[in-house]
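Scroll down for the structure; my scribbles are underneath it.
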Amino acid sequence: MHPPLTPQKLLLRTSLAGALLVAILLGCSLVGPQAISLKAAFHGPQIGGTPNPDYEILVRVRIPRVLLAAMVGAALAASGVIFQALLRNPLADPYILGVSSGAGLGAMLAVIGGLSWTLWGRSPIALFAFIGALGTVWLVWGIGRVTGKYQVTGLLLAGVVVNAFFSAMIMFLISIARSQQLYATIFWLMGNMTEEDWLVLWVGGGCILAGIVSLFFLGPQLNILSVGRQDARSIGVPVERVELAAFAISAFITAAAVSLSGLIGFVGLIVPHAVRLVFGPDHRQLIPLSGLVGAMFLVVADTVARMVVAPAQLPVGVVTAMIGGPFFLLLLVAHSKKVYWAA
Amino acid sequence: MTAAIQVNQVSFRYSPQRQVLSGIDLSVRAGTFLAVVGPNGVGKSTLIQVMAGMLKPRSGSVLLEGKDLRSYGVRELARKVALVRQEFVPAFGFSVYETVLMARTPCYGQWGFESREDREQVAKALERTDTARFASRALGSLSAGERQRVFIARALAQNTPILLLDEPTSFLDLKHQVAIYDLLKSIQQETAATIIAVTHDINLASQYCDEALLLYPVAGEVAPSEPAPHPTRHRVGPTREILTPEAIQSAFGVAIFSGVIGKERFVVPLGSHAKDANIPRSSDV
C-alpha cells in the first residue's frame, strides 16, 4: 500500500512533476514539421531588420500550442478526479454529466446557424460551446438534486439521459448540415488543438490554474466524500457546500477546456486512474498530480498528432485514445496486485 | 443531571405513506450503553439517523446535552456525536490509516494537513480497536469484522462523548460479534462514552448493554390522510426489564424459548416447522 501522505512528500512530488512538465513543454515546442533552433530563436523577433523565422514559429505557433494542450490536459484530468470522487464511481469522467454533449450542441448551433459575427476577432464557436457546456451541467445538476437527494444514481442517470438526448440533437444537426460546415464541426467533435492567441491563453490558463488550486484545498473533504456523503457529514464536513463548490469549479474548467479544444476523450478518465494506481487515492495529492500528468500527457499526445502525418495533423482525441489505452492497460496489469477495487 | 441525548415526541416519515416513527420519547443518561431493538422496518436506523442529525424529525425535538440538535452547526455536532453506519464496501483504495485519519478532516490546518495531535488521536483509536497492525492495508482487503473495527476506530478518532452505531455486528460471525461488543464495552468503561447501538442480537444486548429501547411495529397501516398516526409503541429501561420473553414475543411476533444463564435471560426463536416442534417455550436452566 501507499504510505500516508506528508506535506514534504507532496511538495517534492509536485515540484518534480512541475519540472518534468516544463521540460516536456520546452522539448515539444522544439519538435515539429519545420525544424527550428532554440539558439536562433533567442536572437529575438528580428535579425538585422529581417524577421527571425525561428522566433516567429516558436513564439507564435509552437509555444501557444503546447501551452494550450497543457491547460486543457490539466483541466480535464483534475476534473476527472473530482467527478470520480463526487459520484463515487471509478467510471466517471468530466463529460459524464453532459459537458461534452452540451458543448457539442452549442458548437453545432454556432456553425449551423451560420454565425458570422466575431468576438474580438474570434469565431463564436468557443463561446457557444462554453455556454452549452455550463448550461447542460447546470440542468443535469438541477435534475439530480430533485431525484437523487439521497443517492448519486439519480444524478448519473440524469447525466446519461441528457447526454444521449443532446447527442441525438447533434446527430440531427449533422445530418441536415452542409458538407463545408460539417468539416469544421467534425474536427471539433473529435477534439482538435489549434494555435490560440496569447489573450485566450492568459485568460483560459488563469481560470484553469485558479480552478485547480481551489480544488486542491477541497482535497481533504473530497477524501471523506468519496467514501460517502453521510460519512462526510457525520465527521463534520458541510457536504452540500463542498459538493456544490467542487462541481461548479470542475464543470467550469472542463467547459473552458472543451470550448478551446473540442472534445478530447480519455484524458479525464485515464489520468486520474493512472495517478491513483501509482500514488494512491489521497485527493490532496491526486488533484495536483493529475493536473500535471494530464498536462504532460496531452502535450505529448498533441505533439504526436502534429508529427505522424506531417504536414497534415491528426485530431488529438484520436491520439489520446491510441496512446492512452494501451499505456493504461499496462499500468493496470503492473499495479493491480497491490490495489483493491470495489469488491 | 442533563441527559446525553433526550428525544421528545419525535416523529419521522419518508413519505406520507411511510410513517416510521411517531411520538418517540427517550432519555439517555451520559455513560449509558443502550441497545435499540425491534423488528425490521420499525424505524431503528431512522431513529439513530435522527439522533445523529442526519435526518430531520417531522415533529418533536432531540436535545444533545441539553441543547436542541437543530442549533448545532455541522462541525459542532461532529464533535459531540460520531456515527458508525452499516457495513459497506469502499469505492477507492484508501488504507486503514487514511480512513481513520479522515475523522480529523475538520481539524486540519489551512493547507489541508493533519497536526501532531490529529495523528496522536488516530494512533490511539487504532490501538484501542486493535487495528494498528493492519493500518497500512487497503480497506477493501480486510474481512468484514476487521473493517467494522476500522469504522469504530474512525468514530473514536472523532473523540466524541456520544457514539451511535447502526447494526455494528450484522454480517459478523460469533467470534467477531463478541469482539465488537467487548470493544464497545471497554470504550464505555474507559472513556465514559454514551453508546447507542441498533442491534438484532438480543442476547448480546442483554449481556453488554445497560438499557434497551424496544420498538414495536405500528398496529395496522397508517392511512395517509390521518393527521395523528398511532404513536410507535416503545419501551425503554434496564435490559432485564425491557427484553423480557413476553415483550420480545409480541414485538417480533415469533415464539421463543427463553432461559436464564447466570444472571441474564437469553432467548432463542422457535419456528413452527422446526425439526422438533415440541421444544418447551421457556425454561429456567
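The values are calculated or read from the model by the stated rules, or taken from the named source; none is laboratory data. Nothing here was measured: the structure is a model prediction, and the numbers come from that model. Counting neighbours? That spans all protein chains shown, and the Cβs are built from the backbone with ideal geometry, glycine included. For accessibility, only protein heavy atoms count, side chains too; no ligands or nucleic acids. Shrake-Rupley method; radii C 1.70, N 1.55, O 1.52, S 1.80 Å.
Table for the structure above
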item: B:H200 being of a type outside the set (D, E, K, R), assigned to a loop (DSSP other than H, G, I, E, B) and modelled with pLDDT of 85 or more; result: yes
item: Failed item in (1) more than 10 Å from chain A (Cβ to nearest Cβ); (2) part of a loop (DSSP other than H, G, I, E, B); (3) over 14 Å from the mean Cα position of the chain (by Cα); (4) not charged (D, E, K, R), with B:Q86 passing the rest; result: (3)
item: Filter result (over 25 Å from the mean Cα position of the chain (by Cα) and assigned to a loop (DSSP other than H, G, I, E, B)) within the stretch B:136-153; result: B:S136, B:R137
item: Search result, residues across the stretch B:28-51 that are open to solvent by less than 20 Å² (accessible area, probe 1.4 Å), more than 21 Å from B:K185 (Cβ to Cβ) and within 14 Å of another protein chain (Cβ to nearest Cβ); result: B:T46, B:V50
item: Tally of residues being away from every other protein chain (no Cβ under 14 Å) and among the β-branched types (V, I, T) across the stretch A:216-260; result: 4
item: Qualifying residue in the stretch A:177-196 (condition: open to solvent by 60 Å² or more (accessible area, probe 1.4 Å), among the aliphatic types (A, V, I, L, M) and under 30 Å from A:P64 (Cβ atoms)); result: yes
item: Of all residues in the stretch A:270-310 being touching a Phe, Trp or Tyr at 6+ places or on another chain (Cβ under 9 Å) and among the charged types (D, E, K, R), the one that is farthest from A:L218 (Cα to Cα); result: A:R276
item: When residues of the stretch A:278-319 are limited to those that are within 14 Å of chain B (Cβ to nearest Cβ) and of a type in the set (A, V, I, L, M), the one surrounded by the fewest Cβ atoms within 10 Å (Cβ to Cβ); result: A:V278
item: Some residue of the stretch B:135-154 being at the interface with chain A (Cβ under 9 Å from one of its Cβ atoms) and closer than 14 Å to B:R85 by Cα; result: yes
item: Meets criteria (free of Cβ contacts under 8 Å to residues at least 24 places away in the same chain, hydrophobic (A, V, I, L, M, F, W, C), at the interface with chain A (Cβ under 10 Å from one of its Cβ atoms) and open to solvent by less than 50 Å² (accessible area, probe 1.4 Å)) for B:F113; result: yes
item: Breaking point among (1) within 21 Å of A:F128 (Cβ to Cβ); (2) assigned to a helix (DSSP H, G or I), for A:E195; result: (2)
item: Total residues in the stretch A:129-176, condition modelled with pLDDT under 80, of a type outside the set (G, A, S) and open to solvent by less than 40 Å² (accessible area, probe 1.4 Å); result: 1
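Yes/no matrix, rows are residues, columns are (1) modelled with pLDDT under 90; (2) surrounded by 24 or more Cβ atoms within 10 Å (Cβ to Cβ):
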residue: A:Q230; (1), (2): yes, no
residue: A:A248; (1), (2): no, no
residue: A:F252; (1), (2): no, no
residue: A:L263; (1), (2): yes, no
residue: A:V267; (1), (2): no, yes
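Residue by residue, here is whether (1) within 14 Å of chain B (Cβ to nearest Cβ); (2) touching a residue at least 60 places away in the same chain (Cβ under 8 Å) holds:
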site: A:P7; (1), (2): yes, no
site: A:L10; (1), (2): yes, yes
site: A:S15; (1), (2): no, no
site: A:L25; (1), (2): no, yes
site: A:S29; (1), (2): no, no
site: A:P33; (1), (2): no, yes
site: A:L38; (1), (2): no, no
site: A:G44; (1), (2): no, no
